[in-house]
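A quick write-up on the structure given underneath.
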Amino acid sequence: MNNRFKILILIVLAVIAVITYIHPVFPREQFLQQAGTILLAALLLADLHKRWFSNLAFLGIALFTVLHLIGARYIYSYVPYQQWLQGMGDWEWLNSTRNHYDRFVHLCFGIFLFPAMVEFSRRRVTSRQVMAVLVAWLMIQTGSLIYELFEWGLTLVLSPEDAEGYNGQQGDMFDAQKDMALAMLGSTFVAFIYLFGSFKQKPQ
């Protein structure tokens, strides 16, 4: 498989990462958010040598990384998506006292990372399409749960202000449950796409 596509994606990703650090809005909090970026970037860099993922799965991870970089710049709670959408139509339904960018990213966690999870499942768990999709779906839910537990753990070691800035709960006591539900919704949607395609394949 030619790596030029993946290298191009990484170059674009690096440029976006640099841009997000120009005149940072929340410098200290933004740096704290980059643990996830480092893990995703390390996975993408390792794939250049290991060639674990298809171009589609690689692109999905990269797109999710871009969303996280944007969220990290504005610590999720203050991403000005409403201002960005002005002039592109009637977006009045988006008006809310709560910033929903973090909800959108959790939904995309289930959508964009699903292809990589399916490919991992096929390689490490089972070659059967239905089972690989099921394992990938379960991996998304487990990853979402672990992340919410990680956020809860941060509340125990950080100051209330820092924990709120990182977690972006914005006063919602059911924030973790809603985030996990959106990851499940996104992954379920993509799972049905994979399963529908599997009906056309020969039985394993």
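The values are calculated or read from the model by the stated rules, or taken from the named source; none is laboratory data. Owing to the predicted nature of the structure, the values given are computational and were not obtained by experimental measurement. Cβ atoms come from the backbone with ideal geometry, glycine included; neighbour counts cover every protein chain shown.
Observations on the model:
- Residue match in segment 97-105 (condition: of a type outside the set (Asp, Glu) and either modelled with pLDDT under 75 or at positive phi (or both)): yes
- Some residue of segment 134-150 being outside any helix (DSSP H, G or I) and either surrounded by 20 or more Cβ atoms within 10 Å (Cβ to Cβ) or touching a Ser or Thr at 6+ places or on another chain (Cβ under 8 Å) (or both): no
- When residues of segment 158-194 are limited to those that are under 16 Å from Gln33 (Cβ atoms) and of a type in the set (A, V, I, L, M, F, W, C), the one modelled with the highest pLDDT: Leu158
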